[in-house]
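So the structure is just underneath, and the comments pick up after that.
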2 protein chains.
Amino acid sequence: MVIDRKENNIMNKNAIQPLLIKNVRVKDEFWAKRLQQVREVVIPYQWQALNDKIPAAEPSHAIENFRIAAGRTDGEFYGWVFQDSDVAKWLEAVGYSLMNHSDQELERLADEVVELIANAQQRDGYLNTYFTIKEPAGRWANLRDNHEMYCAGHMMEAAVAYYEATGKRKPLDVVRRLADHIDATFGTEPGKRRGYPGHEEIELALVKLYRATGEERYLRLSKYFIDERGQQPHYYDLEAKARGEGSPGGKYGKAYSQAHVPVREQTSAFGHAVRAMYLYCGMTDVAAEIKDETLVTACKKLWDSVTKHQMYITGGIGSAVQGESFTFDYDLPNDTAYTETCAAIGLVFWAHRMLHLDVDRDYSDVMERALYNGVLSGISLDGKKYFYVNPLEVSPESCEKRNDKRHVDTVRQAWFDCACCPPNIARLLASVAQYIYSKDEDTIYVHLFVGSEADCELAEQQVSLTQRTEYPWKETVEITVRTETEVRFTLAIRVPGWCKNAEITVNGEDVKAAAVSRKGYARITRVWRSGDGVEILLPMPIERIHAHPAVRANAGKVAIHRGPVVYCLEEVDNGPNLPDLSLPQDAKLTLGGCDQSLGGAPVIHGVARRSAMTSQWKHVLYSPVALEREEIAIRAVPYFAWGNREPGEMLVWIREE
Amino acid sequence: MVIDRKENNIMNKNAIQPLLIKNVRVKDEFWAKRLQQVREVVIPYQWQALNDKIPAAEPSHAIENFRIAAGRTDGEFYGWVFQDSDVAKWLEAVGYSLMNHSDQELERLADEVVELIANAQQRDGYLNTYFTIKEPAGRWANLRDNHEMYCAGHMMEAAVAYYEATGKRKPLDVVRRLADHIDATFGTEPGKRRGYPGHEEIELALVKLYRATGEERYLRLSKYFIDERGQQPHYYDLEAKARGEGSPGGKYGKAYSQAHVPVREQTSAFGHAVRAMYLYCGMTDVAAEIKDETLVTACKKLWDSVTKHQMYITGGIGSAVQGESFTFDYDLPNDTAYTETCAAIGLVFWAHRMLHLDVDRDYSDVMERALYNGVLSGISLDGKKYFYVNPLEVSPESCEKRNDKRHVDTVRQAWFDCACCPPNIARLLASVAQYIYSKDEDTIYVHLFVGSEADCELAEQQVSLTQRTEYPWKETVEITVRTETEVRFTLAIRVPGWCKNAEITVNGEDVKAAAVSRKGYARITRVWRSGDGVEILLPMPIERIHAHPAVRANAGKVAIHRGPVVYCLEEVDNGPNLPDLSLPQDAKLTLGGCDQSLGGAPVIHGVARRSAMTSQWKHVLYSPVALEREEIAIRAVPYFAWGNREPGEMLVWIREE
């Protein structure tokens, strides 16, 4: 592959690219508080967890593994083969957080972690504490299962983030040596092994590393991993044979890690949902970098498969615990859903990348949906407890007593044996600023409505935008433009797919949003003067959402939605046996006040019906007599905020009658 | 325990007892055809299967195991530790079938099997091919898991049935030696082990053997097994310790085999549903024999737990594949149900026994419900294919692709690796005659409506009843009494719980059924003359049945029921995506013609609504726009007959709108 630098998107300042965290200061009520919490609570808490200092939490040992590998102490490796990645994701979150808010004490701590990681690296560049401590001879012998490249990818992402936050080259040097080692080991050239990772991640990380360093070998290596995946003879079979294993294939088969066929032949999302997301991110990155239309086509088909056929209304993905995986079109059971927090996070990553291939609100709508629902549900309002699995219906008794629901925690946990989700959500929250805006040669794009101040250079002019809003609870957004001189550019504002009658004015004058919209972005092209004000009204009626009729689990049911936020019912507000509740089609739903125990979110009130527990039912299981129904005032709360009060049942999809 | 023979129920000719198969000749369209099929198709087919002569079937090796144990051939044991029980159940079915219809050829074959079993018995009476062939030193070392007593129980049931059919003592001698061996090994007396079986069955079998032989030791041994169960120190812990196992308890814990607490302290049904049924049968038998009120109380509590809180509308029981077990009250998911055919069979056995403790239609209603629905669904209309699992909602794609539904076969199978169900259904069908009538000193009870001729002695008079009916499809039943002289007795006719306006006439004169009813049995006491005719009208409107509001899976849904028969929808009649269908509350359901492809059952017609697959849904997964609905003519068929045509979806509980 020859990469033409001039054709290169990212190196081309005119190509669309996100405004970076350092150029965007989040200022609103909703997200600024989260960022402060990430800094003050989540990052310190997770540091304690990684050091096994949270008494009620599952052990981690992740830092201790590095200390052992670095020769600073003696001991045994403990944890999963991918335990290192928890440290990497934490460090990446620290990098983003420092971009948002400098903190010398935290930076000093992170420097020590970088030093520790550097000490744990082997002379040849290899870096993985499991194999260094426990199984040195087993390096690269089982790419299918052993997560070495996955951990390497997370190290690269962390290093790039920390380098960009601090300008310190040390982490970058570490991961360049690691990448060089991998590049020297794998590839199509003679003497290299034609392997690729079982758990994707390094593909997207190598593109980040390429962008940070300009070293094209890293982009080429990423493309190699993507191109080689699923080719015949199959590498996983060859390496299994080399290990002396009889019947290769792995526990779940090759589709589990999207290695069943070459990626360009994949048209439906299969297998482990997080792996799929990370692969698709890498594919999208490489497609953007080298303008590979065959990859773009594959990405778009997979996007359709995931978001139009296999995605929960919360942006959660992965319908089955078995293999933490996708299943098949429209198979979206609410109570046995897996919907791992990491998978929703991965969907945000991927949507953001697709958006930069093609600015279409189809992508930003999904990005927003996952962010405000299936991602945020993964962390408690106090920042100290986590869901790994995010189903849309929970009955605690059922989860306790039925084996097919044992994967569902009904309250958030302090930490996990497999703790991928907590630091993953930390790094996403800490980097939320970069999802708000993008720009290209002559356009600034507003993807998300987040109160913030952003600076960028456009047509060699400094332009700054101030966004004021109480989104997602309030309907209005004000954007003020500041420039040194007049600048002609396009402000492209996403009109969310959920919003039917958006109104936009510039300095009080109505912009016919629909008329200037392309792919869901209202494009306002004019000569902007400093102080120009844009007002956006995004009406947020409470809506009842229906699922596609082929979604068996949601037949006859509706979900309550307002703006980008999915609502749910909790037992603490509505009593037990929530599936028995039904919402008359004409029942009015009204917006209530904000509830501080729900992080200040407004609740939704309505009147539903439930079965009267008459004596008829005392010793009767089945009866031809129709059920007596009675009215009940219901109270719905944002899905992401559920489980922060008294434990109990939860339900998103409500029967309509 | 001292058993007072004078107090003994069964030895007392005046106590209530079922009319035996040899006294009842089934003559109707519905059951006589089944009996003929059992004789002509099922028994020969299963003989082929037990001899591994069905090419498409899972291997059995069960007969071969006996040949090896008998020293007639060399070879290895193959199959489960309970493989012998398949042969025993087959032999029991043959016994019942011979009572219905003599067949010299079949009897000759069965004699050979008895001879083979006798040859496989060890000198000390021990009989189990697994331990004899494979692990002679392992006898009785693991009662919790190893099914030796379970197999012994089935041998006893088979021997009693075959003895009663043919008068041949040989099988009885074999099982007496086996029972004596067990009696010498287990019990509270010094030198005996205080063990009891992990899979119950021998308890009820020993009572049968006691009744057939009059040997009280067998009844005492049964009572011992029931009394000892769940006592402390726990035998399973002691034997596990003796085996050198560290943490005893078994894979699923002691409740799995109802051994968590002594049986009189058990108030909810737990664990493996088939084990539970067989235990409860044994408890009821012993309670009846020795008039143990504490056992009666325990049985009634457990009855309430099973039939009022954990039973599917089909009489299926066992909501979870994990442990093939009960879960908790009102947990009755339709698509992940286990509802093993054997468990529904066990419920028929138990209901029949409870009915003889206390003639209450509560028991016979459940017996009928299980028989006509959850049992009959286990066998194809041609008698050659079987369901092990009988869920109430099936989506083939889901069962193929979702691990939590992998236990569901979507078409009946030729045989099973674990083949408990096929011979179990054979023995129940072959013995259906004994469930129709009972009698005591002065009453003949009619529990089931089955065209038949029955003879019995009452008040030292011969009385015969001729029942004519096309039940369960037609509403009328005629019973004609024949006697030599006038006889005063009570004819107690069950008025099914599902039937609201039953009418009964004697010689054309109306009997006020409600006025003479006790516990659901209309008791007509009079001097009967030969030729007296009773006409019973059991109106069978098509009804919509609601489940208890706490059954989460059935909220807002109805099941279609007519007479004792549960109906369902199949894809072959109604198209795919059955959960999308909804039945308007006012939609009329009408009885259609009889369908020969459904064994001559009448179908039910109606008009429901389903989603119009408008282009709106082409690339949309969620929408605020209400679904367009269109009318669709639906056709419901008896649940037991589903899956006999083109494979596809099936649904019992239909959404009501």
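The values are calculated or read from the model by the stated rules, or taken from the named source; none is laboratory data. Keep in mind that what you see is a predicted model, and the values were worked out from it rather than measured. Glycine also receives a Cβ, built like all others from the backbone with ideal geometry; neighbour counts cover every protein chain displayed. Just so you know, the surface numbers come from the protein's heavy atoms only, side chains and all, with ligands and any DNA or RNA stripped out. Shrake-Rupley method; radii C 1.70, N 1.55, O 1.52, S 1.80 Å.
For the range A:430-494, which whole percent of the accessible surface, found with a 1.4 angstrom probe, sits on carbon and sulfur atoms?
On the way: 760 of 2240 Å².
Carbon and sulfur: 34 percent of the exposed surface of the range A:430-494.
Mind putting a number on the dipole of chain B about its Cα centre? Charges go on the C-beta only, +1 for Lys and Arg and -1 for Asp and Glu, and I need it in Debye to the nearest 20.
580 debye
Given +1 on the Cβ of Lys and Arg, -1 on the Cβ of Asp and Glu, and no further charges, what dipole in debye does the protein assembly as shown carry about its Cα centre, rounded to the nearest 20?
Taking the Cα centre of the protein assembly as shown as origin, the dipole is about 200 debye.
Could you give the nm distance between label points at B:VAL261 and A:LYS291, where each point is 7 Å from its Cα heading toward the beta carbon?
If labels sit at B:VAL261 and A:LYS291, their model points lie 7.6 nm apart.
How high is the FRET efficiency between B:ALA626 and A:HIS605 when r is their beta carbon distance and R₀ equals 22 Å, given to the nearest 0.05?
Computed FRET efficiency for B:ALA626 and A:HIS605 comes out at 0.50.
Would you mind listing the distances between the B:THR294 label point and the same position in each other copy? Use 7 Å along Cα-to-C-beta, nm, one decimal, shortest first.
Those separations, rounded to one decimal, come out as 7.9 nm.
What does the net charge come to around A:ARG427 if you take all other residues with beta carbon closer than 10 Å to its beta carbon, with K and R at +1 and D and E at -1?
Computed value for this residue: -1.
Rank these residues by their accessible area, most exposed first, probe 1.4 Å: B:ASP455, A:ASP28.
Solvent-accessible surface, decreasing: B:ASP455, A:ASP28.
Shortest first and in nm to one decimal, what separations exist between B:GLY531 and its copies in the other chains, measuring from label points 7 Å along the Cα-to-beta-carbon line?
Output for B:GLY531: 11.8 nm, nearest copy listed first.
For chain B, what does the helix formula give at 222 nm: sum of -39500 (n - 2.57) over DSSP H segments with n ≥ 4, over the residue count, nearest 500 deg cm²/dmol?
Working: 18 runs with 213 residues, N = 657.
Rounded to the nearest 500, the figure is -10000 deg cm²/dmol.
Test of the criteria: in the range A:557-657, which trypsin sites (Lys or Arg not before Pro) are in a DSSP loop and have at most 16 other Cβ atoms within 10 angstrom of their Cβ?
In loop regions of the range A:557-657 (DSSP not H, G, I, E or B), the sparsely surrounded trypsin sites (Lys or Arg not before Pro) are A:LYS588, A:LYS618, A:ARG645.
Which value, in debye to the nearest 20, gives the size of the charge dipole of the range A:542-656 about its Cα centre, when Lys and Arg are +1 and Asp and Glu are -1 at the Cβ?
Working: 12 positive and 13 negative charges, 55 e Å.
Dipole about the Cα centre, nearest 20: 260 debye.
What does the copy distance list look like for A:GLY600, label position 7 Å along Cα→Cβ, in nm and ordered from shortest?
Computed spacing set for this position: 7.6 nm.
Greater than 19 Å separation of Cα atoms is the criterion. Which listed pairs, A:LYS301/B:LYS405; B:LYS89/B:LYS385; A:LYS300/B:LYS618, meet it?
From the list (A:LYS301/B:LYS405; B:LYS89/B:LYS385; A:LYS300/B:LYS618), the Cα-Cα distance tops 19 Å for A:LYS301/B:LYS405.
For B:ILE379, list long-range residues whose amide hydrogen, built 1.01 Å from N in the peptide plane, is under 5 Å from its own amide hydrogen.
For B:ILE379, whose amide H was placed from the backbone, the distant partners under 5 Å are B:PHE387.
Could you run the Karplus curve 6.51 cos²θ - 1.76 cosθ + 1.60 with θ = phi - 60° over the range A:592-608 and give me ³J(HN,Hα) per residue in whole Hz, x for Gly and Pro?
x, x, 8, 10, 5, 6, 10, x, x, 6, x, 9, 10, 10, x, 10, 10
Looking at the square roots a ≥ b ≥ c of the eigenvalues of the Cα gyration tensor of chain A, which shape do they give, rounded for a/c under 1.5, prolate if a/b is larger than b/c, or oblate?
oblate
What does the accessible area per residue of the range A:306-435 come to in Å², with a 1.4 Å probe and no ligands, DNA or RNA counted?
Per residue, the range A:306-435 has an accessible area of 20 Å².
Among A:568-576, A:100-108, how do they line up by average Cβ neighbours within 10 Å per residue, starting with the highest?
A:568-576, A:100-108
What is the distance in Å between the Cα centres of the range B:533-606 and the range B:236-315?
With the range B:533-606 and the range B:236-315 each reduced to a Cα centre, they are spaced 34 Å.
So which trypsin sites (Lys or Arg not before Pro) in the range B:284-387 are both in a DSSP loop and have at most 16 other Cβ atoms within 10 Å of their Cβ?
Answer in residue order: B:LYS291.
Residues in the range B:523-556, backbone N under 16 Å from the label point at B:ASN507 (7 Å along the Cα-to-beta-carbon vector): list them, ranges by number please.
Zone members listed by number: B:524-535.
Which residue of chain B is nearest the rotation axis onto chain A, counting by its Cβ, and what is the distance in whole Å?
B:ASP404, 2
Kindly provide the trypsin sites (Lys or Arg not before Pro) of the range B:482-536 that DSSP labels as loop, not H, G, I, E or B, and whose Cβ sees at most 16 other Cβ atoms within 10 Å.
Sparse-neighbourhood loop trypsin sites (Lys or Arg not before Pro): B:LYS500, B:LYS512, B:LYS519, B:ARG529.
Quick query: amide H of A:ALA320 versus all other amide H atoms, modeled in the peptide plane; which residues come in under 5 Å with a sequence gap of 5 or more or a different chain?
Residues meeting the amide H criterion: A:SER325, A:TYR338, A:THR339.
Compare the Cα positions of A:GLN232, A:ALA184, A:GLN48 along the charge dipole of chain A (+1 at Cβ of Lys, Arg; -1 at Cβ of Asp, Glu; about the Cα centre) and return the one farthest towards the positive end.
Positive-end residue among those listed: A:GLN232.
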